[in-house]
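The values are calculated or read from the model by the stated rules, or taken from the named source; none is laboratory data. Worth saying up front: this structure is predicted, and the values here are computed from it rather than measured. Positions of Cβ are generated from backbone atoms using ideal geometry, with glycine treated the same way; all protein chains shown enter the neighbour counts.
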Amino acid sequence: MSFARTGIAAWLLGAATVWPLGYLVFFVAVVAAANPSGFGGDADLPISEGLLWGLHLATILLILMLSATYFFNALRNPRIPDEKRSFWAIAVLVGTVVVMPYYWWCFIRPIRSVDGDSGDPSEQSV
């Protein structure tokens, strides 16, 4: 079993997966809200430039870590047929933040049956 299919870890991975897309929206909003001080001049950002750089670099590092996590997950995930594992491994590297949320939803998200049982034998009580 993959670590990410165990309840809370899967949801945390999902939250980390949507962060880059949310950050993109935030970044565009911050840059659009900048008050230009003239043609070719510096713009006044609504937040500090240092904070923006920090968020930007943290997001880049997160994307690199997510890419590695999803790549290795795609190679070992039992929910993916053997003949499609290479495709998904390459897809998450090439498509990164666009493909990863879809991959998470289809192959990592914990699935609960109608009676609330996840179908995972390790989560069943004796």
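State the number of residues belonging to region 60-83 that are assigned to a helix (DSSP H, G or I) and more than 16 Å from F26 (Cβ to Cβ).
Going through region 60-83 one residue at a time, the tally reaches 16.
Just name the residue that is surrounded by the most Cβ atoms within 10 Å (Cβ to Cβ) out of those in region 14-34 that are within 25 Å of D44 (Cα to Cα) and β-branched (V, I, T).
This residue is V30.
Could you check region 62-97 and list, in sequence order, the residues that are touching a residue at least 60 places away in the same chain (Cβ under 8 Å) and aliphatic (A, V, I, L, M)?
Selection gives V97 alone.
Which of the residues belonging to region 1-59 are of a type in the set (G, A, S), at pLDDT 85 or above and either touching an Asp or Glu at 6+ places or on another chain (Cβ under 6 Å) or part of a helix (DSSP H, G or I) (or both)?
Matches in region 1-59: A9, A10, G14, A15, A16, G22, A29, A32, G50, G54, A58.
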